[in-house]
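Where a number appears in this text, it was derived from the coordinates with a stated rule and is not lab data. Please read all numbers here as calculations on a predicted model, not as lab measurements. As a convention, Cβ positions derive from the backbone with ideal geometry for all residues, glycine included, and neighbour counts pool all protein chains shown.
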Amino acid sequence: MELKIYHMYPDLLNLYGDLGNVTSLRQRCVWRGINVEIVGFSMNNEAPLEDGDLFFIGGGSDRGQNIVYSHLLNYSREMESLIEDGAPVLAICGGYQLLGEKYIDAEGNDVPGLGIFDYHTRSEEGRLIGNIIIKNSLGLSPETLVGFENHGGRTYHEHQPLGQVMVGYGNNGKDQEEGMVYQNCIGTYLHGPILPKNPHLADYLILKAMERKYGLKELSKLDDDREFSAHDKVLQLYAP
C-alpha cells in the first residue's frame with residue numbers, strides 16, 4: 001500500500017515549523033509499512049492534483065499567499081472536486097483562509113480567496129497569539145488538541161468547527177470555536193506544528209486517505225508515548 005502526500009507550495013507556505021506536519025504524516029505511514037511519496041506542488045512542479053491522496057496547505061506571508069492565490073486559482077475547481085470526493089486536506093492559518101471567499105484587509109479592501117467555502121476572514125485590531133487547547137469535534141480520543149496560534153485575521157463561518165476553545169482564541173476570539181471541518185477537509189489556526197503533538201489527528205487524516213483509496217477501516221497501533229508526552233505537557237502548563 002502507498003500514499004501520495006501533496007505538500008502545497010512548500011517554498012511559499014512554510015511558516016512556524018509547519019513542515020513538521022508533513023514529516024509527521026510520512027513517518028507515521030513508514031512505521032506502518034505504508035510507502036509514501038511526498039510531492040511538492042508548486043509553480044515549478046504542477047503535478048496532477050487528482051493523483052494526490054492527502055493534501056497539506058501551510059501558512060505564509062501576505063506576499064507568499066498572494067502568489068499562491070494567483071497560481072492555485074487555476075486549480076480551484078480541481079481542489080473543490082477532491083474535497084467533495086473525500087480527499088483529506090489539512091489547511092493551516094493562511095491556507096485555511098485561502099479556501100474561503102475573501103480576506104478583508106485593514107483598509108477594508110477585499111482580497112479574494114479561492115471561494116471553495118462560503119466563509120470570510122477579516123483583519124481586526126491586534127493579533128491572537130498564544131498556546132491554544134481545544135476539545136475536538138471529530139470524536140477523537142483524547143478529546144483535546146493542542147497547538148500555538150498567531151493570526152491577525154478573524155475567520156467567521158457556520159460550518160462545523162474543528163473544536164471548542166478551552167484555552168486561547170480560535171477562529172475569531174469571540175465565538176469560542178476553532179477551525180472548520182467539511183468532509184475530510186480541516187482548516188485550523190493551530191501551528192506548532194499541530195500533528196507531532198496530536199498523533200490522533202495525524203492518524204485520522206492517514207486513515208481517511210487509506211479508507212478512500214483502499215477501503216481500510218483501521219490503522220495498526222503505534223507507541224505514541226513521546227507524542228502524547230508533548231501533548232500532555234501543554235495541558236499541564238495551560239489547561240484550566
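Taking 25 Å as the cut-off for C-alpha to C-alpha distance, list the pairs among Lys4/Lys102; Lys4/Lys208; Lys4/Lys197; Lys102/Lys208 that go past it.
Lys4/Lys102; Lys102/Lys208
Between Asp51 and Phe228, the modelled labels are 3.8 nm apart [label points 7 Å from Cα along Cα→Cβ]. In order along the stretch 33-47, the Karplus-derived 3J(HN,Hα) couplings, from 6.51 cos²θ - 1.76 cosθ + 1.60 at θ = phi - 60°, round to x, 8, 5, 10, 10, 9, 10, x, 6, 7, 4, 9, 8, 8, 5 Hz, and Gly and Pro are given as x. Counting charges near Lys213 (Lys, Arg +1; Asp, Glu -1) among other residues having Cβ under 12 Å from its Cβ returns a value of -2.
Amide H to amide H distances under 5 Å link Leu128 with His151, Gly152, where only residues 5 or more positions off or on other chains count and H is placed in the peptide plane. Under 5 Å from the amide H of Gly40 lie the amide H atoms of His7, each residue being 5 or more positions distant or on a separate chain, with H modelled from the backbone and absent for Pro and chain starts.
A value for Rg and Dmax of the Cα atoms in Å was derived from the coordinates, and within the list (1) 16.8, 51; (2) 23.4, 71; (3) 21.0, 70 it appears as (1). Each residue of the stretch 90-96 was assigned a 3J(HN,Hα) from its phi angle through the Karplus expression (A = 6.51, B = -1.76, C = 1.60, θ = phi - 60°), giving 10, 10, 10, 6, x, x, 4 Hz with x at Gly and Pro.
When +1 charges are put on Lys and Arg Cβ atoms and -1 charges on Asp and Glu Cβ atoms, the dipole computed for the stretch 188-230 relative to its Cα centre reaches about 240 debye.
Between the stretch 1-27 and the stretch 136-194, the alpha-carbon centres lie 19 Å apart.
Within the listed set Tyr169, Tyr214, Tyr204, the Gaussian network model of the chain (springs between alpha-carbon atoms below 10 Å) gives the highest mean-square fluctuation for Tyr214. Each Lys or Arg adds one and each Asp or Glu takes one away; over the other residues whose Cβ falls under 13 Å from the Cβ of Ser229, this sums to -2. The stretch between Asp110 and Arg77, if pulled fully straight at 0.36 nm per residue, gains 9.8 nm over its current Cα-Cα span. When +1 charges are put on Lys and Arg Cβ atoms and -1 charges on Asp and Glu Cβ atoms, the dipole computed for the chain relative to its Cα centre reaches about 520 debye.
Under the combined filter of DSSP loop state and at most 13 neighbouring Cβ atoms within 10 Å, the stretch 162-240 retains these GluC sites (Glu not before Pro): Glu218. Taking θ as phi - 60° and the Karplus parameters 6.51, -1.76 and 1.60, the scalar couplings of the stretch 171-177 work out to 4, 8, x, 10, 8, 6, 10 Hz in sequence order, x denoting glycine and proline. Can you give the local net charge around Tyr9? Use residues other than it whose beta-carbon is closer than 12 angstrom to its beta-carbon, Lys and Arg +1, Asp and Glu -1. Spelling it out: positives minus negatives among the neighbours equals -3.
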